[in-house]
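For reference, the structure discussed in these notes is given below.
The values are calculated or read from the model by the stated rules, or taken from the named source; none is laboratory data. Note that the structure is predicted; figures quoted are calculated from it, not measured. Here Cβ is always computed from backbone atoms with ideal geometry, including for glycine, and neighbour counts include all displayed protein chains. For accessibility, only protein heavy atoms count, side chains too; no ligands or nucleic acids. Shrake-Rupley method; radii C 1.70, N 1.55, O 1.52, S 1.80 Å.
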Amino acid sequence: MKTIFKRFVIGSFIGISISHLISLIISIILGHENYQGASPQLIASFGNEINAMVVQTLASMVLGGVFSAASYVFDRTDYSITKQTIIHFLITTPVYLAISYYLGWSSKSLKGFLLTLIIYTFIYIVIWLTVYLYWKQKVAKLNNDIKKYN
């Protein structure tokens, strides 16, 4: 339990960092030389940009924390990689979808929800494959190094 909490806390700060980096990138691309920390819908919902940024920062903390804490499932050696991935996906997806809906990152329609789910799933798969291939290469290198010494 201590490990999961520690991961949640560390992940919370990573979530804030990623969120603010994304808002900087969006501001550079779409901001016309102005910082746009939150979407206009979120600012309208919470009355001003400060309130919107506080809510977005807290939501980013939760999102980062949940993703990081849920990664604990990958430490379970009694689970297959398929089972680990499915459990992680099932934990993180509803949290992401709820936060993206609440913050207005996706449109509030069935079409918008489905599009968000498809994009999220695509990005999840790309990240998963990248990490999987990285570790597969690392294990192959370690195995090769072990063979050299035997």
Just checking, does the range 73-93 include any residue being of a type in the set (Asp, Glu), more than 16 Å from Tyr124 (Cα to Cα) and touching a Ser or Thr at 6+ places or on another chain (Cβ under 9 Å)? yes
Residue list for the range 38-54, restricted to those being open to solvent by 100 Å² or more (accessible area, probe 1.4 Å) and touching a residue at least 60 places away in the same chain (Cβ under 8 Å): Gln41
Any residue that is without any contact (Cβ under 8 Å) to a residue 40 or more places away in the chain, open to solvent by 80 Å² or more (accessible area, probe 1.4 Å) and within 19 Å of His20 (Cα to Cα) - is there at least one of those in the range 130-138? no
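Would you check which residues across the range 18-37 are part of a helix (DSSP H, G or I) and either in contact (Cβ under 8 Å) with a residue 12 or more places away in the chain or not hydroxyl-bearing (Ser, Thr, Tyr) (or both) and list them?
Residues satisfying the conditions are Ile18, Ser19, His20, Leu21, Ile22, Ser23, Leu24, Ile25, Ile26, Ile28, Ile29, Leu30.
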Being part of a loop (DSSP other than H, G, I, E, B), touching a residue at least 60 places away in the same chain (Cβ under 8 Å) and either within 22 Å of Ile22 (Cα to Cα) or under 13 Å from the mean Cα position of the chain (by Cα) (or both), is that true of even one residue in the range 100-113? yes
